[in-house]
Amino acid sequence: MNQVDQSTDNSDAPLGVNAEQQRKKILIVDDDLEIIESVQFALQASGYNVVVAHDGNQGIALAESESPDLIVLDMMMPKRSGFLVLEYLRRNHEDPIPVIMVTGNEGNRHQAYAELLGVSDYIHKPFVMDRLLKAVKNLIQ
């Protein structure tokens, strides 16, 4: 029987990216194309696999079908807000997916609600990309 060992083949990964990191899948759920492009580029350059949803409903569908290791979730989106997506994920997953919520909203009340729902990290827009990458790495090592 011919078996292929994929665990050691990391030839397509960027320099400095380990095989474990290469296998991690991150779902970006945001309606802002500029944010999506910059976050997707940074995550892929860091060796992660990236899946993108452009609204909350699509985010839930992809979270169910793609089984991501982490979700980067915008708060304010069409069709279903980030809060409603987070509520759904926490209600329907015994083993919660880490979620980093990103938002342009400065209100402490929103952050407190996100934390109550079990958000893993909360980042205000605009943000330094290194801040997001560090949060991602800490949550899915």
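Each value in this text was obtained by applying a stated rule to the coordinates, not by laboratory testing. On a predicted model such as this, the values are computed, not experimentally measured, just so you know. Glycine gets a Cβ as well: all are built from the backbone with ideal geometry, and neighbour counts include every protein chain shown.
Segment 19-139: Rg/Rh from Cα coordinates, Kirkwood Rh?
Ratio of gyration radius to Kirkwood radius: 0.92.
So, in nm, how far is label M76 from label K25 when the simple model puts each one 7 Å beyond its Cα toward the Cβ?
Here the answer is 3.1 nm between the modelled labels.
Mind checking the full-extension length gain between L133 and N49? Use 0.36 nm per residue of separation minus the Cα-Cα distance, one decimal, nm.
Gain on extension, L133 to N49, equals 28.9 nm.
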